[in-house]
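Below you'll find the structure, written out as structure tokens, and then a few comments.
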Ligand code: SF4
């Protein structure tokens with residue numbers, strides 16, 4: 001029920017009460033009633049507004065050690081949103097995502113399947129400020145930062161999400177399963193196909209992971225090429241699942257594991 005509808009109903013009940021009681025209309029204070037319906041946040045939101053808020057944000061302790069927050073970058077109507085864990089030293093000093101060695105490798109990986117942050121991708125992280133000494137973001141930090149990612153997703157509406165590494169994959173899917181078991185399988189996140197793969201820094205540490213990562217990227221390209229998936233919002237296809245938490249950006253179950261990033 002909208003606020004106006006509630007107000008009209010209350011005014012009607014007042015009238016009925018006056019008529020049945022005193023027989024004439026009494027004086028009433030103006031009602032101030034909130035609307036039940038969720039606001040259309042995306043309708044008044046923008047990537048620039050989110051970036052401004054991120055740069056000023058002090059919602060978690062990561063703000064204390066950052067030089068620059070890293071809101072994310074890319075095109076406003078991307079085919080793919082790439083989601084990583086958090087900024088490293090290079091990103092913290094430039095304010096841009098994935099610009100260090102791992103970022104350069106990510107750019108090459110994306111280019112191999114005709115994706116590029118300047119033409120058809122948007123790249124962001126689950127936390128927008130650098131965790132000290134590149135430690136994993138903690139659950140409260142992921143939870144505090146989640147609204148920014150949600151707002152970005154609501155605006156970007158990508159056809160697919162590529163999570164790189166264990167932390168963003170577990171955070172979005174709400175699972176503690178390791179990345180080696182999750183990678184290469186499509187999941188659904190808020191109606192969007194989500195494909196996990198290894199973080200490029202893991203590939204830099206272990207050359208043996210490059211082949212499975214390449215297989216994952218080919219799967220993503222095949223999905224994007226499929227005519228069944230060419231209409232906006234059409235995300236039908238083979239989708240895996242990881243249990244009842246699927247589809248929630250959950251700060252739970254993001255325990256560190258022995259898995260590769
Ligand atoms: S990590 Fe996110 S929630 Fe924490 S201070 Fe930075 S922008 Fe705010």
Report, by residue number, each residue of segment 88-109 that is without any contact (Cβ under 8 Å) to a residue 60 or more places away in the chain and more than 23 Å from residue 131 (Cα to Cα).
-> 108
Any chance you could count how many residues in segment 149-197 are over 18 Å from residue 213 (Cβ atoms) and not in a helix (DSSP H, G or I)?
-> 11
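A quick yes/no check of all residues on (1) outside any loop (DSSP other than H, G, I, E, B); (2) in contact with a strand residue (DSSP E or B) (Cβ under 8 Å, 6 or more places away or on another chain); (3) on the phi < 0 side of the Ramachandran plot; (4) at pLDDT 95 or above:
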residue	(1), (2), (3), (4)
12	yes, no, yes, no
38	no, no, yes, no
49	yes, no, yes, yes
69	no, no, yes, yes
115	no, yes, yes, yes
Identify, please: which residue in segment 114-143 is surrounded by fewer than 18 Cβ atoms within 10 Å (Cβ to Cβ) and more than 16 Å from the ligand (Cβ to nearest atom) and is, among those, nearest to residue 51 (Cα to Cα)?
-> 118
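The values are calculated or read from the model by the stated rules, or taken from the named source; none is laboratory data. Worth saying up front: this structure is predicted, and the values here are computed from it rather than measured. Every residue, glycine as well, gets a Cβ built from its backbone with ideal geometry; the counts of neighbours run over all protein chains shown.
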